[in-house]
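First comes the structure, then the notes that go with it.
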Amino acid sequence: MVVVEDLNPFIEDVLACCPMIRSIWLVDDAAKERLDIARLYTWDLVAFADPLTLHRLRKAPRLHRGDVRLRVLLDGHRLESVWESDARVSALFASDWEQSKPGEGFYTESSTSSGLPLGGRAGKRRRAVCLWHGIDPMKGPGS
């Protein structure tokens, strides 16, 4: 059985490497995706951070885990994969963040290949749960 607490040591290591991360979110609906899609990871995480943090994470191979997909949300909407091997040809975006209750929110994940503007509703609607936030918590996801 997979439990969220299993991520605590990993999150502590990530924060020790990159203390400027503002928050870390678990994309909670990943396990509910279609069963015919083979996933190579157990955990889908999004960290709110800056480009320097993304660079530092990429240069810390000891943090790279095959069971974790870690992406950094830059500029309030662009999702960048930390593990270079996970990089995709098309850019991914997280838009339309809405907080449903404290520590939980929804966003739309889309790619540039969809041909739609960032604010468009096409893409997958995702649920995210905050696993960690810094001293100065965000007013809501993406703000």
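Could you calculate the contour length gain from Met20 to Ser81, that is, 0.36 nm times the residue separation minus the distance between their Cα atoms, to one decimal place in nm? It would help to have the intermediate numbers written out before the result.
Details: separation 61, 0.36 × 61 = 21.96 nm, distance 1.74 nm.
Contour length minus the Cα-Cα distance gives 20.2 nm.
Could you sort Ser111, Ser23 by accessible area so the largest value comes first, with the probe set to 1.4 Å?
On the way: Ser111 25, Ser23 0 Å².
The most accessible residue leads, giving Ser111, Ser23.
Please work out how much length the chain gains when fully extended from His133 to Glu98, using 0.36 nm per residue of separation minus the C-alpha to C-alpha distance, in nm with one decimal.
10.9 nm
Per 0.36 nm of contour for each residue apart, how much would the distance between Asp67 and Glu12 grow if the chain were fully extended, relative to their Cα-Cα spacing?
Working: separation 55, 0.36 × 55 = 19.80 nm, distance 1.64 nm.
Gain in length upon complete extension: 18.2 nm.
The values are calculated or read from the model by the stated rules, or taken from the named source; none is laboratory data. Just so it is clear, the model here is predicted, and its values are computed rather than measured. The protein model used for the area step is the full one, side chains on, heavy atoms only, and it has no ligands, DNA or RNA in it. Shrake-Rupley method; radii C 1.70, N 1.55, O 1.52, S 1.80 Å.
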